[in-house]
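The values are calculated or read from the model by the stated rules, or taken from the named source; none is laboratory data. These numbers were taken from a predicted model, which means no experiment stands behind them. With ideal geometry, Cβ positions are generated from the backbone for all residues, glycine too; neighbour counts draw on all protein chains shown.
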Amino acid sequence: DTAVSQTPKYLVTQMGNDKSIKCEQNLGHDTMYWYKQDSKKFLKIMFSYNNKELIINETVPNRFSPKSPDKAHLNLHINSLELGDSAVYFCASSRRQATYEQYFGPGTRLTVT
Amino acid sequence: GENVEQHPSTLSVQEGDSAVIKCTYSDSASNYFPWYKQELGKRPQLIIDIRSNVGEKKDQRIAVTLNKTAKHFSLHITETQPEDSAVYFCAASKRDDKIIFGKGTRLHILP
């Protein structure tokens, strides 16, 4: 049973395109996150949702728009992709915000050419 | 806001020796300190965590120590094995706030 799943696993696209990454968790957790991991392996939080409500919105270009249709899903839509958006994007979930173990998805490797 | 510094960025140890990774944090209100391990091409996974009401926690070959006064915490791995090779991240957080990760330590276990 996959606890946190993401699709797609790999995404190769051209500059200027719009793409989406989907995330689902079957752990019954209240909080979900999106992280960006760059080539240097830095893990940076982008967004956090608690019970479908946006609670953390870091300094991220507004080309990135998260959407949480329900507590188990958190999707990430990216408009007008740029070369600098190339990275691995991880979805994660936790029982509650911040002070509980986070369960990460397998990651989506986005390559913008 | 919280800032987490992690050292060293790279660490090589002989198989069987011990490895120590250190982190400092800036927000004295932080009370949760997890450590995540990320193997090559895989997702980060929690290996151990400690809360501020405890000074030390151990799980087999892995231990974490916390010094609240100095605002630093450390990961200790004893009797290292090849499968310990990975990137390790420390993190700090407090209730209803975001978690902040250190920049990671790449641990190499030498045969």
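Return only the number of the condition from (1) within 12 Å of another protein chain (Cβ to nearest Cβ); (2) β-branched (V, I, T); (3) in a strand (DSSP E or B); (4) over 12 Å from the mean Cα position of the chain (by Cα) that A:I45 does not satisfy.
It fails just one condition, (4).
If you take the residues in segment A:80-97 that are surrounded by 14 or more Cβ atoms within 10 Å (Cβ to Cβ) and more than 18 Å from A:K41 (Cβ to Cβ), which one is farthest from the other protein chains (Cβ to nearest Cβ)?
Per the stated criteria, the residue is A:L81.
Please go through (1) on the phi > 0 side of the Ramachandran plot; (2) small (G, A, S); (3) more than 8 Å from every other protein chain (Cβ to nearest Cβ); (4) crowded, with 20+ Cβ neighbours inside 10 Å for A:G28 and return the number of the only condition it doesn't satisfy.
So A:G28 meets the others, but not (4).
Just checking, which of B:L66, B:L46 is within 9 Å of chain A (Cβ to nearest Cβ), of a type outside the set (D, E, K, R) and either in a loop (DSSP other than H, G, I, E, B) or under 28 Å from A:R96 (Cβ atoms) (or both)?
On the way: B:L66 fails: within 9 Å of chain A (Cβ to nearest Cβ).
Every option except B:L46 fails the conditions.
Would you confirm whether any residue within segment B:49-57 is outside any loop (DSSP other than H, G, I, E, B) and under 19 Å from B:L11 (Cα atoms)? Give the derivation first.
So the first thing to find is which residues in segment B:49-57 are outside any loop (DSSP other than H, G, I, E, B), and the list is B:49-51, B:56-57.
Applying the additional criterion that residues be under 19 Å from B:L11 (Cα atoms) yields none.
Checked against the condition, which is being outside any loop (DSSP other than H, G, I, E, B) and under 19 Å from B:L11 (Cα atoms), segment B:49-57 yields no hits at all.
List the residue pairs whose Cβ atoms are under 9 Å apart, where the first residue sits in segment A:98-111 and is within 7 Å of chain B (Cβ to nearest Cβ), the second is surrounded by fewer than 17 Cβ atoms within 10 Å (Cβ to Cβ) and of a type in the set (G, A, S), and the two are 6 or more positions apart or on different chains.
That search, which allows pairs on different chains as well, returns A:G105/A:A3; A:G105/A:S5; A:P106/A:S5; A:G107/B:G41.
Among (1) at pLDDT 95 or above; (2) of a type outside the set (V, I, T); (3) closer than 29 Å to B:R106 by Cβ, which single condition is A:S39 missing?
For A:S39, the failing item is (1).
Take A:K52 and tell me if it is over 20 Å from B:K103 (Cα atoms) and modelled with pLDDT under 95.
Yes.
So B:R61 fits all but one of (1) in contact (Cβ under 8 Å) with a residue 24 or more places away in the chain; (2) among the basic types (K, R); (3) in contact with a strand residue (DSSP E or B) (Cβ under 9 Å, 6 or more places away or on another chain); what number is the exception?
(1)
So if I check each of A:D18, A:D30, which one is under 13 Å from A:S93 (Cα atoms), among the charged types (D, E, K, R) and out of contact with any Gly (no Cβ under 6 Å at 6 or more places or on another chain)?
A:D30
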